[in-house]
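The values are calculated or read from the model by the stated rules, or taken from the named source; none is laboratory data. Small disclaimer: the values here were computed from a predicted structure and weren't measured. Don't worry about glycine lacking a Cβ; one is built from the backbone with ideal geometry, like all the others, and counts go over all protein chains shown.
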Amino acid sequence: MRVETSGLPTDNWHHFLRLRDLHQVLAEVPLEGVSRVLELGAGDGVQTAVLREIFPEVVPMDIAPSGDVEGMVIADAADLPFEDDYFDLVFSSNVLEHVEQLDEAFAEMKRVLAPGGTMIHSMPTGTWKFFQLVGRPVASVVRIARKLFPGLSGGSKRARMGSHGSLAGVTASKRSLIERVVGLVVPTVHGVSGNHMSEFFRFRPKWWCRQFERAGLECYRSSPLFLHSPYDLLPYRFIGLRDRLGRVGFASVDVFWLRQ
């Protein structure tokens, strides 16, 4: 579906993408009767603010928040510090691919979800994974050029770690010179998979639907969202084309609606 983007941020590409996707998610399925929302991997709270404009109670949670968000709960998705049957909606955006204890996390989400409640989770696709790999050398060249020629820098701010989802709360270790050189061409693995090939298999709707089914959750709806570009490549360009490509199967993110 088409999403109005005129009111979205123009100085932070990551925020633009997260809010654009959130608007589509909220517009596709009316969430009548929802009052208590748990947001997993709230990051810096950019989506929290929108959710709080719509729902009476929104609890942001992250294992490693990247901003000062009112009411932020620091916790692991596999050990939620909330009472049973409390939330009407459990929401996450690009978070579950970073969760190692996925079975335990689903069990905890089911525990805190009220009867008749809904889960909405979005995750990256194989399309995004492809662009992450092929775009790395290009992004490295662009980054080096911007350092050498500051006038080439665009106006889009880079997101900080965790700004659009929990990244496991692990402090990044210093890399060797060889690792840094290789990293100019080959990106790090995005989620908790052991390698890039396994992520191609994990970042598929069928793989996620099997995980949902194994956890006792019914996926009653799924939708493609938008064609994102990793590394801030061509931000704010080709918005209409990205939208059309996303709707015909080249989306970088898929969203899933679940119920018990």
Reported set for segment 79-95 where residues are over 25 Å from V29 (Cα atoms) and assigned to a strand (DSSP E or B) is D79
Out of (1) under 28 Å from L184 (Cβ atoms); (2) surrounded by 15 or more Cβ atoms within 10 Å (Cβ to Cβ); (3) polar (S, T, N, Q); (4) out of contact with any Leu (no Cβ under 6 Å at 6 or more places or on another chain), the one S252 does not meet is (4)
Residues (in contact with a Pro (Cβ under 7 Å, 6 or more places away or on another chain) and not in a loop (DSSP other than H, G, I, E, B)) located in segment 56-78: V73, I74
Just the residues that are over 25 Å from L184 (Cα atoms) and either free of Cβ contacts under 8 Å to residues at least 40 places away in the same chain or surrounded by 15 or more Cβ atoms within 10 Å (Cβ to Cβ) (or both), please, taken from segment 216-238. L217, C219, Y220, S222, S223, P224, L225, F226, F238
Which one is nearest to L40 (Cα to Cα) among residues in segment 109-146 that are buried (at least 17 other Cβ atoms within 10 Å of the Cβ) and among the basic types (K, R)? K110
Residue set E108, E179; condition in a helix (DSSP H, G or I), at pLDDT 85 or above and on the phi < 0 side of the Ramachandran plot; output residue E108
Would you point out the residue of segment 40-89, among those that are among the hydroxyl-bearing types (S, T, Y) and surrounded by 19 or more Cβ atoms within 10 Å (Cβ to Cβ), that is farthest from H23 (Cα to Cα)? S66
